[in-house]
1. Against the condition closer than 26 Å to G54 by Cα, surrounded by 13 or more Cβ atoms within 10 Å (Cβ to Cβ), hydroxyl-bearing (S, T, Y) and modelled with pLDDT of 95 or more, how does T155 come out, does it pass?
2. Would you tally the residues in segment 160-198 being part of a loop (DSSP other than H, G, I, E, B), free of Cβ contacts under 8 Å to residues at least 24 places away in the same chain and within 16 Å of the ligand (Cβ to nearest atom)?
3. Kindly list the number of the only condition in (1) touching a helix residue (DSSP H, G or I) at 6+ places or on another chain (Cβ under 8 Å); (2) at pLDDT 95 or above that fails for F39.
4. Taking segment 40-74 on its own, how many of its residues are surrounded by fewer than 20 Cβ atoms within 10 Å (Cβ to Cβ) and over 16 Å from the mean Cα position of the chain (by Cα)?
5. Among strands (runs of 3 or more DSSP E) lying entirely in segment 41-116, which contain 3 or more residues that are in contact with a strand residue (DSSP E or B) (Cβ under 9 Å, 6 or more places away or on another chain) and within 16 Å of the ligand (Cβ to nearest atom)?
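The values are calculated or read from the model by the stated rules, or taken from the named source; none is laboratory data. What you are looking at is a predicted structure, and each value in this text was computed from that prediction instead of being measured. Positions of Cβ are backbone-derived with ideal geometry, glycine not excepted, and every protein chain shown enters the neighbour counts.
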Amino acid sequence: MSLHIEAKKGDIAETILLPGDPLRAKWIAETFFENLVCFNKIRNMYGYTGTYKGKRVSVMGTGMGAPSTIIYTHELITEYGVKNLIRVGSAGSYQEHVKIRDIVLAMAASSSSGINKLRFGGADYAPTASFDLFQKAVETARKKSIPLKAGNVFTSDEFYEDDFDSYKKWSKFGVLCVEMETAGLYTLAAKHHVNALTILTISDSLVTKESITSKERETTFKEMIEIALELA
Ligand code: ADE
């Protein structure tokens, strides 16, 4: 047992899917896994291990934001030996060509978080995806004929910004969308020499102000999960 996870050593698979929402983790396990066992209920941050097409895989919520994500991923890597961490989340589009329901692979994550500025004495660090997982995700999507976009995403520390147009300074530099966890996840994976990839579904747009319905969210989410599970 670690501080925030009540699993025993060996209860968690080497590959784990990480949605922000713990109820989404439960839904993924109940919808896609066979032989599922719940390994965590501390703080209702549900975690399950099961099999998908015969391969052992886990899923667990991270909560919202880089600090919460870093706590759970630190314990998953250092206490439970997790090697492949795949975030499956939602994001807000920063670009006209990045439409609602699109699936985006985060190649890298810019951020407003101060964590890496402190860690690297004010210098920039570029948190990046695992090339291996990234390549496998692209191949899987191609085989399934699921269209993908890929590029730089923005990991924000704020959901409700003071200035709603501030996204434009990032969109001008090609950043595709905003979420709140990936820079923390990629940095921690690099620190511990393990693999991480973020797959996102666009749920809203800062450009057009549209947002997805909950029914649509489920359908699109399924395609993203199917790509993620093939990486196990
Ligand atoms: N996740 C989904 N939409 C988001 C947004 N607009 N800002 C931050 N995180 C998000």
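1. Details: closer than 26 Å to G54 by Cα: no; surrounded by 13 or more Cβ atoms within 10 Å (Cβ to Cβ): yes; hydroxyl-bearing (S, T, Y): yes; modelled with pLDDT of 95 or more: yes.
No.
2. Count: 4.
3. (1)
4. Within segment 40-74, residues that are surrounded by fewer than 20 Cβ atoms within 10 Å (Cβ to Cβ) and over 16 Å from the mean Cα position of the chain (by Cα) number 9.
5. Of the strands (runs of 3 or more DSSP E) lying wholly inside segment 41-116, those with at least 3 residues that are in contact with a strand residue (DSSP E or B) (Cβ under 9 Å, 6 or more places away or on another chain) and within 16 Å of the ligand (Cβ to nearest atom) span 84-93, 103-111.
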